[in-house]
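Quick note: the coordinates plus some simple rules give every number you see, no bench work behind them. Here the structure is a predicted model, which means the values were calculated and not measured. Note that we place each Cβ from the backbone using ideal geometry, even for glycine, and neighbour counts take in every protein chain shown.
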C-alpha cells in the first residue's frame with residue numbers, strides 16, 4: 001500500500017472536501033484528479049478494490065489507513 005506523508009494526507013482531504021457520499025472508488029479518483037491531489041494519494045486510492053463504496057469520510061479515511069498509523073485497507077466491499 002502506498003503510504004502518504006502528512007502533507008499528502010492534508011492535500012488529499014482538501015481535494016476530496018466536496019465529495020458527495022456514498023461514493024464509488026471511481027468517483028473518489030475522479031474528484032481527486034480534478035482537484036490536483038498528489039500523485040501518491042491518487043495511487044493509494046487506485047490500490048483499493050474497484051468495487052469499493054464509501055458511505056462517509058470516516059470509512060474512506062479508514063480504507064486509506066489515514067485514521068490510524070499502520071491500518072490496512074478494509075476488504076469485502078460489495
Give me the distance in nm between label points sitting 7 Å out from Cα along the Cα-to-Cβ direction at residue 56 and residue 26, one decimal.
2.6
Suppose we take every Cα in segment 6-63 and form the convex hull; what volume per residue is that in Å³?
68
